[in-house]
1. Being within 16 Å of SER139 (Cα to Cα), touching a strand residue (DSSP E or B) at 6+ places or on another chain (Cβ under 9 Å) and within 10 Å of the ligand (Cβ to nearest atom) is the filter here, so list the residues in region 1-30 that pass it.
2. In region 298-308, is there at least one residue being at pLDDT below 95 and assigned to a strand (DSSP E or B)?
3. How many residues does region 208-224 contain that are surrounded by 14 or more Cβ atoms within 10 Å (Cβ to Cβ) and under 20 Å from VAL276 (Cβ atoms)?
4. Mind listing whichever residues of region 225-245 are in contact with a Leu (Cβ under 7 Å, 6 or more places away or on another chain) and either open to solvent by 50 Å² or more (accessible area, probe 1.4 Å) or away from the ligand (no atom under 14 Å from the Cβ) (or both)?
5. Can you pull out the strands (runs of 3 or more DSSP E) entirely within region 38-95 that have at least 2 residues that are under 20 Å from the mean Cα position of the chain (by Cα)?
6. Would you say GLU185 is open to solvent by 60 Å² or more (accessible area, probe 1.4 Å), out of contact with any Gly (no Cβ under 7 Å at 6 or more places or on another chain) and under 19 Å from HIS287 (Cβ atoms)?
7. Checking ALA68 against (1) modelled with pLDDT of 95 or more; (2) over 30 Å from GLY205 (Cα atoms); (3) open to solvent by 10 Å² or more (accessible area, probe 1.4 Å), which single condition isn't satisfied?
Amino acid sequence: MISTASAAAHPNIAFIKYWGDNNQELRIPAHSSLSMNLKELETRTRVSFDPSLAGDQLILNGIHEEGAALQRVSKMLNRIRNMGGLNAFAIVESENNFPTGAGIASSASAFAALSCAASSAAGLCLSERELSRLARTGSGSASRSIPEGYVEWQAGTDHDSSYAFSIASPDHWDLADLIVLISEEHKETGSSLGHSLADTSPIQGARVEDANRRLEICRKALLERDFSIFADIVEQDCNLMHAVMMTSDPPLYYWFPGTLEVMRAVQIWRSHGIPVCYTIDAGPNVHVICPVKEAEKVKRELGSLEGVNSVLECTPGGPTHLLESDFPGV
Ligand code: DP6
């Protein structure tokens with residue numbers, strides 16, 4: 001008998017970044033992190049366990065994937081098959097409503113949606129915490145896409161203690177994430193390899209040691225909606241991560257000239273009184289964060305910069321959830 005379930009998940013943007021693991025296999029991070037789900041971006045995934053299949057299949061935005069991408073998905077399916085006492089292989093069909101290759105990390109929403117759909121299709125009924133742990137084993141940041149809104153991923157020390165939980169619902173604070181697309185090139189070094197290089201930087205130790213201080217300042221500013229304190233700590237955390245990347249062996253440079261152009265402009269705008277700050281993941285695109293009511297003004301300013309191709313506007317999003325009927329496509 002074929003057993004099917006579908007789920008939807010949002011990617012997230014980290015304000016306090018995850019960079020470096022204590023346990024690579026289980027993706028137990030070196031320190032805790034904090035993020036916001038992105039409502040307007042979504043991955044929808046259908047998983048069908050089918051006893052007649054000779055192997056797992058992955059169809060991403062209509063295209064059959066093989067190699068590393070399929071292997072990573074099969075690894076997650078194996079974990080779920082073990083948990084549910086299942087033998088059947090599965091077809092995984094997944095679609096993003098945002099352009100693949102636009103430099104927007106999709107592994108978070110991909111593994112959040114996959115864990116939710118596959119565990120349900122396997123007959124498991126997992127709690128939010130169990131799902132967050134499971135999603136983490138596929139992609140660290142996926143653990144943060146499971147709960148709603150503003151989310152903290154407690155590093156923990158083992159599989160049981162490393163999971164994410166919501167610290168505030170999406171309507172707690174109307175923040176906008178204006179994703180400035182600088183380049184649509186595929187990133188050279190993926191996050192998984194990047195995490196494994198973090199400890200080769202002589203400054204990663206200091207960064208990790210200071211992580212709880214940054215997280216506490218950021219959490220408090222977020223809960224009190226204090227943009228000024230929030231902005232300073234988010235930028236410091238981002239710069240520390242990129243300093244580690246640039247001083248790893250081999251060094252990782254994710255910025256393009258346009259990246260720096262936006263960073264500098266954002267700092268000038270803030271010094272002129274506009275509540276705005278930036279953060280950047282493992283790629284050249286800049287996430288420009290501001291209160292929603294400032295978004296139109298900030299978008300106009302961004303439009304005047306040379307290196308800016310286009311801007312995607314996102315607001316705080318809900319949790320990963322099962323889709324009642326089969327997903328209709330996005
Ligand atoms: C820079 O979760 O993408 O976006 O576990 O290897 O999939 P894997 O890594 P991933 O790392 C995220 C890195 C980051 C910062 C962050 O989102 O916290």
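1. Correct list: PRO11, ASN12, ILE13, ALA14, LYS17, TYR18, TRP19, GLY20, ASP21, ARG27, PRO29.
2. Checked against the condition, which is being at pLDDT below 95 and assigned to a strand (DSSP E or B), region 298-308 yields no hits at all.
3. Of the residues in region 208-224, 5 are surrounded by 14 or more Cβ atoms within 10 Å (Cβ to Cβ) and under 20 Å from VAL276 (Cβ atoms).
4. PHE230, the sole residue that qualifies.
5. Details: elements: 43-50, 57-60, 63-65.
Fully inside region 38-95 and qualifying: 43-50.
6. Yes, satisfied.
7. (1)
Here is a yes/no grid of residues against (1) in contact with a helix residue (DSSP H, G or I) (Cβ under 8 Å, 6 or more places away or on another chain); (2) farther than 20 Å from SER166 by Cα:
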{"residue": "ARG46", "(1), (2)": "yes, yes"}
{"residue": "ILE63", "(1), (2)": "no, yes"}
{"residue": "ILE91", "(1), (2)": "no, yes"}
{"residue": "SER107", "(1), (2)": "yes, no"}
{"residue": "GLU128", "(1), (2)": "no, no"}
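The values are calculated or read from the model by the stated rules, or taken from the named source; none is laboratory data. Here the structure is a predicted model, which means the values were calculated and not measured. Backbone-built Cβ (ideal geometry, glycine too); neighbour counts: all protein chains shown. Ligands, DNA and RNA are stripped out before the accessible areas are found, and what is left, the full protein with its side chains, is counted by its heavy atoms. Shrake-Rupley method; radii C 1.70, N 1.55, O 1.52, S 1.80 Å.
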